[in-house]
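Reviewing the structure listed below.
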Amino acid sequence: MTDLPKTPGSKKLGLVIDLDICVGCHACAVNCKEWNDGGHMAPLTDLDPYGKDVSGVWFNRVHSFEAGDHECGRTVHFPRSCLHCEAPDCVTVCPTGASYKREEDGIVLVNAETCIGCKLCSWACPYGAREFDEIDGVMKKCTLCIDRIYNETMDEVDRVPACVSTCPVSARHFGDLGDPESKVSKLVAARGGMDLMPELGYRPVNKYLPPRSAREQKAPPLRPSEEVAAKGFLAWLDRMLSR
Amino acid sequence: MHPALSIIFFTTASGAGYGLLVLLAWGALVGHLAPQFGLGLCAFATSLGLVGAGLLSSLGHLGHPERAWWALTQWRSSWLSREGVMAILTFLPALTFAGLWILDGTVSRPAAALAILGAAVTTICTAMIYASLKPVRAWRNLWTVPIYLVLALYTGALLMELLLNAFGLRGPFIPFLVAVAGIAGAILKTGYWAFLDGGRSSSTPETATGLGAIGNVKMLDPPNTEENYLLKEMGYRVARKHATRLRAIVLVLGFIVPIALSVLTLYVSPAAATLFSLVAVISGALGILAERWLFFAEAKHTVTLYYGASKA
Amino acid sequence: MSLLNPPDRIDFSAPSADEVKTTTCYMCACRCGIKVHLKEGKVRWIEGNRDHPVNKGVLCAKGSAGIMQHNSPARLRKPLLRTGERGSGEFREIEWDEALQLATGWLADIRKTDPRKLAFFTGRDQSQALTGWWASAFGTPNYAAHGGFCSVNMAAAGLYSIGGSFWEFGEPDWEHARYFLMFGVAEDHASNPIKIGLGKLKGRGAKFVSVNPVRTGYSAIADEWIGVRPGTDGMLVLALIHELLKADKIDAEYLVRYTNAPWLVIRAPGKSDDGLFARDEKGRPLCWDKRRSAVGDALSAEVTPALAGTYTLPDGRMAVPSFQLLAERYLDPAYAPEKAAAITGVSAETIRRLAAELAQVAFSETVTLDIPWTDWAGRRQEKMIGRPVAMHAMRGISAHANGFHTCRAIHLLQMLLGTIDVPGGFRFKPPFPRPAPPAVKPAGKPGQIAPGQAMKGPPLGFPAGPEDLLVEADGRAARLDKAYSWEAPIAAHGLMHLVVRNAWAGDPYPIDTLFMYMANMSWNSAMNVPETLAMLTDKDASGAYKIPHIIYSDAYASEMVSYADLVLPDTTYLERWDCISLLDRPISDADGPADAIRQPIVKPDRDVRPFQDVVLDLGARLGLPGMVNEDGSSKYPGGYPDYLVRHERAPGIGPLAGWRGADGGGQGAGAVNPGQLDRYVENGCFWRHELKADQRYFKHANASYLAFAKSVGFVGSTDPIVLQLYVEPLQKFRLAAQGHGPVQPPDPLRARVEKFFDPLPIWYPPFEHETADDFPVSALTQRPMAMYHSWGSQNAWLRQIHGANRLYVGRRLAEREGITDDDWVWIESRLGKVKAQVRLMDGVNPDTVWTWNAIGKRSGAWSLRPDAPESERGFLLNHLIGDVLADGSPNADPVTGQAAWYDLRVRLSKADGAPRSEPRLPTLPRPPGISEPPSVLRYGSRFRGRA
């Protein structure tokens, strides 16, 4: 049902992405592709995979931006995936109910068996989180690795989305953003986690941690040593240095 | 937005079909049109044929047309679902009205009234599919619904005029309506384009990335070096020059030529009037197809902000 | 859910595998541990191994795309024999027997007559302990891997200075560093460890400064980006040293304890001992003991050495501590920040501030670990105290003609700040440190090579002076690549990039067979590609190829395949045994030595063989010593895994250090354990020994660590390893150039050797920069994190990320040149021009342009369709980079011979015409047996399960 849950649970599973340390390595994007290619939404079809117009279904894509001008700016790598919004129009526009938001944890999913492939949800998503599979004729998207996070055949520690477990710099965090006491919520509070395009009112669950302002090393200017100034390299002549 | 031909045809054809249906029903209701068999057959075939062909064409856009009936289930939240439901519901009075007209030579006033209502509501639903999409400023505005409604009526009137001329039922009302609806349409489109050109989405690369606090945000690299689905579907770009030329074509072919020809039909022989109104329909069709093509092609989606667009 | 809408059937607990096997990744040289999930015999999923010391569970984009590499349609399927002209790509498939007989025939002839006529070069080989040994056994000195164009400057400078180096031989102390200075690294070999480390470092709030002309990759997350001019880092570092010396912010105690700063250097200009260390009769270096006012043993703990002053030795010669020479040099105003600013483009103010910050962190924010330890002299120290400034550098420093000295300058800065192997500083990874330089000498002097004989020693090593060079009596090179000649005396990794030219030219002598492995020498590993292709296909007057035979082994249809006469198809990394050995390039970390294996995860579905098996097979067929039993039968009939277990390099020392001894209880050294590989597999395919807490720092002077290192054969004695501020071997080469000693450079090279073999770091402009006035812009290549070398283009997933490359141009430069975003431009060097599409950016040095490395592909190669973006819009800068300078001398570092491909200078102009890159070479045909690649890929569909 594309009506949003009338009684949304308090649980809001999502990701927190730290733009301060993301080095843009694409590990999350490819690991996501690898897991999900054989996962719940399998496959993540690639068209013309060895040719001119290669394109494929990816649930996570890493962009690079420059913010600020010239030398003073920053290069920021920016992974972009479904934000599992609290007010997701991609769900409400769906004419068949294939697109839905789970009551129990807020994850936005597509039922591949009832999706008619009208693509309207991809138009309704401001963030570009929806990916159409031309061969299957259905829309696919990030499942927050729903086949991992509750997977009883996995060790507890592995029950996180693939993008989180693989991230080499630990720039990705997974947890319950509905619980103010959760690690991710505290991280968001401490680091000023932000919504993307808040003006559109989708209320994303995923948060982005902004780049921190550069750490300044407070150091007094070096003063020429008077001794060195006076004696030059012979300044070190009189030191008694034991081994 | 990618101007998909199936959708362009669907929205224009069903609009014209509904416009024609409204005029038939209105004419019958106010007693201007007597239920004549030949006219009825041609007019309803055209009207409902266009609506049906449009709907079929829209199915062609689907990845799974065979599952399309599920699309009727989510009318509580989805304008697309509502449109489907309304399109089907509208067929009930429309077919009743048409059937009685053609087979019985009578006018069912309730059916005609309901057909008008259904056609109008369906057209509004179609427009609302677009007008409800927050990521597309070119669609989510107060212009979209009136334009869909006026253009449906206008294109329906062009068809009506051709039919009336063909059946020798020429009168001043339809040319007048063509002129009024056409001028209204042209004014709306001109106003819409001014709206389009005169502003930008409140979403920017800075809000899309949240990096505005650092400064201007410019894309360095896209995530993929070749175009992906998102760009093919929502990153369509039309050159400024090209768009300007097409807008002129819309105004000339879509409005000026058909309106002028329509008015002229009143002053020429019936045969010439039929020919004029046929040319008006063809010209109008080309113009409105271009209008609809532009409606998609000029619409920018906020996802392009992630791919180097400086505004949406 | 209404009845109309069937619920989504989610299998929340779908098992990811029927079976999970561990092995080691080979998508780059990082060598992470991976867990390969198999479903119905197919690779379902590859993830990082949480227990593995390298990657600790994480996995990068390349590693995650391993499935696509393993299933690439570019995989070779059967041995190939050339049928058409070389380069035409026309082959026929042959059986392995025929292939091996053919190769054996060529090689046996060579070995019987002149073993030097085999040139055996491997590219990104990770089995150099095997291949180098094989070359020695064959008897050819003409062996190396790709280090000559990769990072020999870093390795040599490090090994001669501190007995270790960056990457495999050392790492920053990610846990304790408070200030991290990184030079010239966009992304590199230690891919995941650096990322993990940076995450920790930034999480702790340490300051990260990146010195790099380009603000991408790691530099993007730096707290401060120093957009230095390419090739000028050395000057920047020396200016920092100038400032620190001037302010007396150096760790004199560290210098006295652990470096050769107090060693006395003889001052006798014009004499044969000028600039050498004063030594006693036992050869031990001397210092001036201030307490006794007499010379003393510089290695003794009982002296109070002077760092300055001029002293008279007992024999009357004059000598000064090496530190005094250092201070004299770098206190000179020539190294003042203003001077450096003009060269580097970094303001004097910034240089001063950086120096102040380094000093502040090093001397006011020391890290103290409450770990008692015992120093080399047996004295107990209560704490480990460190100066928490860490540094890292890689190819951005290495691939310049001044890279050796620049890297030395960085090590000098580390030593002066006292940050080598201390808490918070740079840490050695066992088996390093080793004595600087390591004692191994290259074999292959003229008298050491004889038909049918093995060489007595390895082909690669570390010359300590002119007497260790591989030169003929007249000074000409003895090796084909001219490594260890006067052109490149300290070419510790060999000079693979010169092999094709020299083999073609017959200089210093013609060869018969060029045998290469995993080295794309006809494309992205070549400099000046068009000329290289001409050399590979050139014929003499009789119509015979100037390089008579080329054997090539690769798993994939790379560009080089088309230029081979005989192609030996290798397996993918998931189909083989492999070894990442302590004898080679181990996976150790600073807290412990480690090595690893690969095990076959799946069986090949093609008629291919692991290269290492083939090498051992060829060795047995040729009867090479060590590879056959006395009866001539193969010593390792089980192939590479058999060798890994049973081969002993020295008694008790084999390729693998773990679970040695008959019962598997030993480590490091011990008898052969037939069950060794099983133990590795049980342990996740790696072995690691964790050092005790008191062994983890000050390894160069830590009694407990040194005793351990000796016990496992890492070092020959427990003597402390003295860090070399002043590198005496360099002075020996310089003295030879000045006319001293029996081995002297040929006259044309004397001035060059004298100038560049300075025992203290110097900075000089890269040669290309000096000679290229018409080409004002530096052009660099960087490695993208998601793709490595050329291997990624055949990978359906990675090529979506990098299917074509742009030329990145700074907005200011573009404005000056009238270039806008997406324009096509000609990039022109003195060698030629390349057409490329522009992407504008801000974060780049204003005099620099750059692109991603090895994305551009030759049309038809790697089984891509001929109109793939890799060839349509991708390009290589290699076409523009000379292997020689305009005057014909090598475009290389004069000390090591490292190819100076980062010194490229170009100019830009707008290009018209079709939007495609140029030059365009003819499309290579797909080798036989390789079918058309699929037009749709849905690999994972077989694994889908629904609840």
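Among the residues of region A:1-45 satisfying the criterion of being of a type in the set (Gly, Ala, Ser) and part of a loop (DSSP other than H, G, I, E, B), which is surrounded by the fewest Cβ atoms within 10 Å (Cβ to Cβ)? By that ranking, first place goes to A:SER10. Screening C:GLU932 on (1) surrounded by fewer than 24 Cβ atoms within 10 Å (Cβ to Cβ); (2) at pLDDT 95 or above; (3) assigned to a loop (DSSP other than H, G, I, E, B) shows it passes everything except condition (2).
Filtering region A:215-236 to residues that are buried (at least 16 other Cβ atoms within 10 Å of the Cβ) and aliphatic (A, V, I, L, M) leaves A:ALA219, A:LEU222, A:VAL228, A:LEU234, A:ALA235. Where strands (runs of 3 or more DSSP E) fall wholly inside region C:242-336, no range has 1 or more residues that are at the interface with chain A (Cβ under 8 Å from one of its Cβ atoms) and under 33 Å from the mean Cα position of the chain (by Cα).
Of all residues in region B:227-239, those that are surrounded by fewer than 21 Cβ atoms within 10 Å (Cβ to Cβ) have Cβ atoms under 7 Å from Cβ atoms of residues that are assigned to a loop (DSSP other than H, G, I, E, B), 6 or more apart or on another chain, in B:LYS232/B:HIS2; B:TYR236/B:MET1; B:TYR236/B:HIS2; B:TYR236/B:PRO3; B:VAL238/B:GLU298. Of all the numbered requirements in (1) without any contact (Cβ under 8 Å) to a residue 24 or more places away in the chain; (2) in contact with a Gly (Cβ under 6 Å, 6 or more places away or on another chain); (3) assigned to a helix (DSSP H, G or I), B:LEU20 misses one, and that requirement is (1).
Please work out if C:PRO433 is within 16 Å of C:VAL152 (Cα to Cα), assigned to a loop (DSSP other than H, G, I, E, B) and either in the same structural domain as C:ARG783 (by TED's automatic domain parsing) or touching a Gly at 6+ places or on another chain (Cβ under 7 Å) (or both). Give the derivation first.
Details: within 16 Å of C:VAL152 (Cα to Cα): no; assigned to a loop (DSSP other than H, G, I, E, B): yes; either in the same structural domain as C:ARG783 (by TED's automatic domain parsing) or touching a Gly at 6+ places or on another chain (Cβ under 7 Å) (or both): yes.
Against the criterion (within 16 Å of C:VAL152 (Cα to Cα), assigned to a loop (DSSP other than H, G, I, E, B) and either in the same structural domain as C:ARG783 (by TED's automatic domain parsing) or touching a Gly at 6+ places or on another chain (Cβ under 7 Å) (or both)), C:PRO433 does not qualify.
Cβ-Cβ contacts under 7 Å between residues 6 or more apart (or on different chains), taken from a first residue in region C:658-679 that is closer than 19 Å to C:THR22 by Cβ to a second residue that is acidic (Asp, Glu), are listed as C:GLY658/C:ASP595. Among the conditions (1) closer than 30 Å to C:ILE46 by Cβ; (2) free of Cβ contacts under 8 Å to residues at least 60 places away in the same chain, A:PRO168 misses just one, which is (2).
From C:ASP613, C:ASP605, which residue is under 30 Å from C:THR22 (Cα atoms), free of Cβ contacts under 8 Å to residues at least 60 places away in the same chain, crowded, with 19+ Cβ neighbours inside 10 Å and not assigned by TED's automatic domain parsing to the domain that holds C:ALA137? Show your work before the answer.
Details: C:ASP605 fails: crowded, with 19+ Cβ neighbours inside 10 Å.
Going through C:ASP613, C:ASP605 in turn, just one is under 30 Å from C:THR22 (Cα atoms), free of Cβ contacts under 8 Å to residues at least 60 places away in the same chain, crowded, with 19+ Cβ neighbours inside 10 Å and not assigned by TED's automatic domain parsing to the domain that holds C:ALA137: C:ASP613.
Residues A:ARG148, A:ARG130, A:ARG74: which one is surrounded by 23 or more Cβ atoms within 10 Å (Cβ to Cβ), among the basic types (Lys, Arg) and facing another protein chain (nearest Cβ under 7 Å)? Just one listed residue meets the conditions, A:ARG74. For region B:169-204, a residue qualifies if it is over 16 Å from B:ALA16 (Cα atoms), touching an Asp or Glu at 6+ places or on another chain (Cβ under 9 Å) and of a type in the set (A, V, I, L, M), and exactly one does: B:LEU196. C:PRO451: buried (at least 24 other Cβ atoms within 10 Å of the Cβ) and either touching a strand residue (DSSP E or B) at 6+ places or on another chain (Cβ under 9 Å) or farther than 30 Å from C:ASP251 by Cβ (or both), yes or no? No; evaluated as a whole, the condition is false for this residue.
In region C:245-275, what count of residues is obtained for those that are of a type in the set (A, V, I, L, M) and more than 21 Å from C:SER161 (Cα to Cα)? Spell out how you get there, then give the answer.
So in region C:245-275, the residues of a type in the set (A, V, I, L, M) come out as C:245, C:247, C:250, C:252, C:255-256, C:261, C:264-266, C:268.
Add one more test, that the residue is more than 21 Å from C:SER161 (Cα to Cα), and what stays is C:247, C:268.
Residues that pass the stated criteria total 2.
Would you confirm, using the coordinates I've provided, whether B:ARG109 is surrounded by 18 or more Cβ atoms within 10 Å (Cβ to Cβ) and either away from chain A (no Cβ under 14 Å) or of a type in the set (D, E, K, R) (or both)?
Numbers: surrounded by 18 or more Cβ atoms within 10 Å (Cβ to Cβ): no; either away from chain A (no Cβ under 14 Å) or of a type in the set (D, E, K, R) (or both): yes.
So B:ARG109 fails the test.
I need every pair where a residue in region C:714-733 that is more than 27 Å from C:GLN744 (Cβ to Cβ) and assigned to a loop (DSSP other than H, G, I, E, B) has its Cβ under 6 Å from the Cβ of a residue that is modelled with pLDDT under 95 and not charged (D, E, K, R), sequence separation at least 6 or different chains. Correct list of pairs: C:PRO720/C:TRP376. Checking each residue in region B:63-78 for being more than 7 Å from chain A (Cβ to nearest Cβ) and closer than 10 Å to A:CYS94 by Cα picks out only B:TRP75. Screening the candidates C:PRO919, C:PRO915, C:PRO934 for the property of being away from chain A (no Cβ under 14 Å) and touching a residue at least 40 places away in the same chain (Cβ under 8 Å) yields one hit, C:PRO919. The lone criterion from (1) surrounded by 21 or more Cβ atoms within 10 Å (Cβ to Cβ); (2) more than 12 Å from chain B (Cβ to nearest Cβ); (3) β-branched (Val, Ile, Thr) left unmet by A:VAL110 is number (2).
Quick check on region C:774-788. Is at least one of its residues in a helix (DSSP H, G or I) and more than 23 Å from the chain's Cα centre (by Cα)? The answer is no, given that none of the residues of region C:774-788 is in a helix (DSSP H, G or I) and more than 23 Å from the chain's Cα centre (by Cα). Determine whether region A:47-59 contains at least one residue that is under 11 Å from the mean Cα position of the chain (by Cα) and not acidic (Asp, Glu). Yes; the residues of region A:47-59 include at least one that is under 11 Å from the mean Cα position of the chain (by Cα) and not acidic (Asp, Glu). Quick check: anything in region C:571-586 closer than 25 Å to C:PHE686 by Cα, among the polar types (S, T, N, Q), touching a Leu at 6+ places or on another chain (Cβ under 7 Å) and not assigned by TED's automatic domain parsing to the domain that holds C:ASN891? Taking every residue of region C:571-586 in turn, at least one turns out to be closer than 25 Å to C:PHE686 by Cα, among the polar types (S, T, N, Q), touching a Leu at 6+ places or on another chain (Cβ under 7 Å) and not assigned by TED's automatic domain parsing to the domain that holds C:ASN891.
When residues in region C:676-694 are screened for being part of a loop (DSSP other than H, G, I, E, B) and loosely packed, with under 15 Cβ neighbours inside 10 Å, 2 of them pass. Residue under question is C:ALA519, and the condition is that it be modelled with pLDDT under 95, assigned to a loop (DSSP other than H, G, I, E, B) and within 18 Å of the chain's Cα centre (by Cα); does it hold? When the stated conditions are applied, C:ALA519 passes them. Number of residues in region A:48-63 that are within 7 Å of another protein chain (Cβ to nearest Cβ) and part of a strand (DSSP E or B) equals 5.
The values are calculated or read from the model by the stated rules, or taken from the named source; none is laboratory data. Keep in mind that this is a model prediction, so the values were computed, not measured. Counting neighbours? That spans all protein chains shown, and the Cβs are built from the backbone with ideal geometry, glycine included.
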